[in-house]
Ligand SMILES: Cc1ncc(COP(=O)(O)O)c(C=O)c1O
Ligand SMILES: Cc1ncc(COP(=O)(O)O)c(C=O)c1O
């Protein structure tokens, strides 16, 4: 297999076996003699030791509440937290670290925009444009807002191939949406949307744009200024970072004009009985004690990704997905959802005729192979495909070509067991 | 000093020197030869190794996204996350773990109630009753809501001693508030409010009650059923747990009837284009990938606190605060804010005549002593006391009587330097 | 692992014994597991004593949910409805003879949830019906 | 540590040389640091060439904020307003001769922030005035 691999992907420059040593969990056996084959990075990524250690060091040596303390620990903790913000800023090419707001996850980041920007800027009857390939996190916040404010919601159609329908996009932009919120990369079919062009079109149509970067920021270089995007949301846990931390980026002017979302400590400049004055950016949107250790961990994750190189990671995943599609296409009765390799990232969703996705996942698990089965928080897309659930294998920098071979072998076992 | 201590506090049963070994940071020197004296636990507590290790183990062996996965890691991670919820439930005496909602911190928990319960249940002109001793986190969410909905806000007065004015409380209850939200323990003066009686009175007056337990849950036994409180909010990081996790407890019927707050993955049962059906409790209020490792860490913190015993911890702190008040009262020109020891927890705020709180804190830091100086996110209370800032020393299970001696010695140095 | 997908389950999934519908039926109920699209509809004929005389299901979904429904229909034939009300998670697990993680448990328990909601005459099936 | 609270700072805090107000003044500005209540008001007399001829402050707050204001008033006497606009965080730190953490930096920089906002004729003093 190794030769075939090298032939297929001559440019792969990443030493995946060396990288795997950085990830403690990858050495695990899920059952005696059954090593873990982790193909579920789209749900959450594994964490390198350096990220775990960065948080340990924070707790073991520096832990303190931030921003207001005049003692060594508080100053160190504040510096570490703000340094993480700086790293995020550089990672996505933002102009200022004031535009980097720490949230719990992508979901909270999108909700922040819905509550703060949405409630203050939108008016009854305004149109919000989404797409049929969105994760629930980029649907439900808008549905909640639409219900509250009596807004209209439209969705750009997805084609049978699993890409956005360009004509439908143009048609719906012509309806004059106030906001266009869409995913950079589908977490189900892996489609990478041409964000830059779409944002430019949306701007021409007068819409503010929000990009769901939960699946893009971890996997390839995303530059907010190059994209000219208004808001970008993503999660730490999908990019080698810890749970409990996410990011909202926003254009300065938009953020400045938005009212606070959560109220509490740190987000104020001054409080008197019955009134308050909000703080400056980014603190205006960070109420209460933030996820300090988690920000530090995210900073370490960014250092780690930068060390490997986002372009190298992206290339490795491209190789994996090409190989996976090729191998899976061999399997009779296996249906693959989504476009061909050059339009997508390291995610493959599929079904085996006559076998439910849950059963596939369960049997694969017996071989130590961790994939997802279900609607992957994208029910409308599954409705479109007219299947209740799919099985999804997803890759990251630590995924090997051998793991894809194992996946394929186990799928043959599924077919045996079900006699299909 | 050790003898005086034993005499003063004969009941202290906690082996503080042994406990200190559990906390890695307490072995730290903040500068060569200057050991850390951490008297800032009200801002955030330090973490025992067992908590740090529990999160390490999660990341190194089990990390996966939860709730929907059919593989070993996902099942383990889900079980660990839900086990943490169970521990929280038991720790505060809740009837069901469905009533335990994980948030980022106290602040988010209170905002959740403001947005979900507040926006759906309150009407224009309704009265919200707070107190003058609240943390900004229990003021600003209500001010934001009041502005949005045109509500009235009143505050129960604080006396010069730093306790709530009972007559004023009765008077303001008679105005018929829909909600009474108040702190169990002041983070500035340490006053412990008689929550049970106050909640009963508030219920009689027809108000729903919210208790800010940020300072109580970490320091003494809080039983939600005994208190009969409607909502309780608290933070993991103040109770030996990690940053990035907090808790909202609510009565089942209230929670069931509340609309969702944040929209996204996990909080839904079903999504179709343009519509969704919310999930059951507690998931309805947990949108997106939660702070999984942090929940696990909080569970480990609860195990740790239970092992020591909340009553023993509380007694230790009572001893410390009695001793601290006694020693500080010796210092000429030192003003102590707040009531006498029997009415309060392990927090002492003070000022030295002629010296700003910032300068006290800065000089103390030279001796390795970490205290807070400022308004401690309670500006209205400071306005009441007519001082812009106070210096605050606060204690926890790992605080020693010797550390209080060091504090007092260093305060004498402050006086020397400033010639007061 | 073939322990798991025991022949019983695969067999009942592929060759169900109690698939079908009753018209009229004394008790009918249906529900789905939105997580994975598993769907179960149950029809019962119950005599005057409250004993189940006929039980059939229709459904779609994974092997566990469908086999579990088929085996459950078999099990409740001749049972009194009061006995049905006492059926628990444990009974289903014993019936299937396997251990299950939380997600698959939902698949396995869907038919019991539907059955109990029907027998209790509830408007909606809730997880509390099959939780300990 | 007495390095830190150098005699200079304690001395200027207790015996300021440039405390007072000017009436009339060519430029007046004030602001506070809500975090700790530090407050600084500055009055300047500026001649036709744009040179500062008199500079006085009023204020309350910690030793750092007050001593820093006093030293800054001394420093800007005889300075051209264009030079004032170029004053930076670094100049203040050199003037004080100490290192400061982020919180105390705000105390130390409050007077410069107020001074610059006044000289620029701004409506509000923002942190950007004194950040690098
Ligand atoms: C009484 C009180 N309430 C609320 C809070 C806010 O807690 P958090 O910052 O963890 O949300 C604090 C913490 O400082 C507090 O002491
Ligand atoms: C495309 C996309 N958007 C949003 C999310 C939500 O991320 P989180 O759960 O971290 O908020 C995900 C994660 O599953 C995703 O894949």
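The values are calculated or read from the model by the stated rules, or taken from the named source; none is laboratory data. Everything numeric here is computed off the predicted structure, so don't read it as measured data. Note that we place each Cβ from the backbone using ideal geometry, even for glycine, and neighbour counts take in every protein chain shown.
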### Message
Can you go through B:201, B:172 and tell me which one is assigned to a helix (DSSP H, G or I) and in contact (Cβ under 8 Å) with a residue 40 or more places away in the chain?
### Response
B:172
### Query
Got at least one residue in the stretch D:64-74 being farther than 19 Å from residue D:10 by Cα, in a helix (DSSP H, G or I) and over 9 Å from the mean Cα position of the chain (by Cα)?
no
### Message
Condition first: within 14 Å of another protein chain (Cβ to nearest Cβ), within 16 Å of ligand 1 (Cβ to nearest atom), surrounded by 24 or more Cβ atoms within 10 Å (Cβ to Cβ) and more than 16 Å from residue B:249 (Cα to Cα). Can you find one or more residues in the stretch B:187-209 that meet it?
### Response
yes
#### Entry: Candidates A:200, A:214, A:205, filtered to the one that is within 13 Å of ligand 2 (Cβ to nearest atom) and assigned by TED's automatic domain parsing to the domain that holds residue A:166
A:214
### Task
Pairs only if they're at least six apart or on different chains, beta carbon under 9 angstrom, first in the stretch A:399-420 and without any contact (Cβ under 8 Å) to a residue 24 or more places away in the chain, second assigned to a helix (DSSP H, G or I); list them, first residue then second.
A:419/C:10; A:419/C:14
### Query
In the stretch A:383-402, how many residues are buried (at least 22 other Cβ atoms within 10 Å of the Cβ) and either within 14 Å of chain C (Cβ to nearest Cβ) or within 30 Å of residue C:7 (Cα to Cα) (or both)?
6
### Message
Looking for something crowded, with 24+ Cβ neighbours inside 10 Å, assigned to a loop (DSSP other than H, G, I, E, B) and more than 16 Å from ligand 1 (Cβ to nearest atom) - is there at least one such residue anywhere in the stretch A:54-69?
### Response
no
### Task
Go through B:261, B:220, B:231 for me and flag whichever is more than 16 Å from ligand 2 (Cβ to nearest atom) and under 27 Å from residue B:127 (Cβ atoms).
B:231
### Message
I'm checking my understanding of the structure. Among residues of the stretch A:228-276 that are part of a helix (DSSP H, G or I) and buried (at least 21 other Cβ atoms within 10 Å of the Cβ), which one is nearest to ligand 1 (Cβ to nearest atom)?
### Response
A:236
### Task
Go over the candidates B:83, B:108 one by one and state the one that is within 16 Å of ligand 2 (Cβ to nearest atom), in a helix (DSSP H, G or I), farther than 21 Å from residue B:227 by Cβ and assigned by TED's automatic domain parsing to the domain that holds residue B:136.
B:108
### Message
Going by what's in this entry, would residue A:194 be described as at negative phi, free of Cβ contacts under 8 Å to residues at least 24 places away in the same chain and in the same structural domain as residue A:284 (by TED's automatic domain parsing)?
### Response
yes
### Task
Would you point out the residue of the stretch A:143-152, among those that are buried (at least 19 other Cβ atoms within 10 Å of the Cβ) and touching a residue at least 12 places away in the same chain (Cβ under 8 Å), that is farthest from ligand 2 (Cβ to nearest atom)?
A:151
## Note on the structure
The lone condition residue B:330 fails out of (1) more than 13 Å from chain D (Cβ to nearest Cβ); (2) under 28 Å from residue B:138 (Cα atoms) is (2)
### Query
Counting just the residues of the stretch B:352-367 that are over 20 Å from residue B:26 (Cα atoms) and part of a loop (DSSP other than H, G, I, E, B), which one comes out nearest to the other protein chains (Cβ to nearest Cβ)?
B:356
### Query
If you check A:127, A:164, which single one turns out to be surrounded by fewer than 24 Cβ atoms within 10 Å (Cβ to Cβ), farther than 30 Å from residue B:116 by Cα and more than 16 Å from ligand 1 (Cβ to nearest atom)?
A:164
### Query
Has the stretch B:120-129 got at least one residue that is at the interface with chain A (Cβ under 9 Å from one of its Cβ atoms) and away from ligand 2 (no atom under 16 Å from the Cβ)?
no
### Query
If you check B:299, B:244, B:265, which single one turns out to be modelled with pLDDT under 95 and closer than 20 Å to residue A:243 by Cβ?
B:265
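Is there a residue being modelled with pLDDT of 95 or more, surrounded by 24 or more Cβ atoms within 10 Å (Cβ to Cβ) and more than 9 Å from every other protein chain (Cβ to nearest Cβ) anywhere in the stretch B:134-142?
Within the stretch B:134-142 (the criterion being modelled with pLDDT of 95 or more, surrounded by 24 or more Cβ atoms within 10 Å (Cβ to Cβ) and more than 9 Å from every other protein chain (Cβ to nearest Cβ)), the answer is yes, since at least one residue qualifies.
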### Message
Is it the case, given these coordinates, that residue A:321 is touching a helix residue (DSSP H, G or I) at 6+ places or on another chain (Cβ under 7 Å), in a loop (DSSP other than H, G, I, E, B) and more than 30 Å from residue B:135 (Cβ to Cβ)?
### Response
no
### Query
residue A:284 passes all but one of (1) within 14 Å of another protein chain (Cβ to nearest Cβ); (2) in contact with a helix residue (DSSP H, G or I) (Cβ under 7 Å, 6 or more places away or on another chain); (3) in a helix (DSSP H, G or I); which number fails?
(2)
### Message
Of everything in the stretch B:368-397, what is touching a strand residue (DSSP E or B) at 6+ places or on another chain (Cβ under 7 Å), closer than 21 Å to residue B:320 by Cβ and assigned to a loop (DSSP other than H, G, I, E, B)? Give them in sequence order.
### Response
B:368, B:371, B:376
### Task
Please find, within the stretch D:1-50, the residue that is modelled with the lowest pLDDT out of those that are surrounded by fewer than 16 Cβ atoms within 10 Å (Cβ to Cβ) and not in a loop (DSSP other than H, G, I, E, B).
D:7
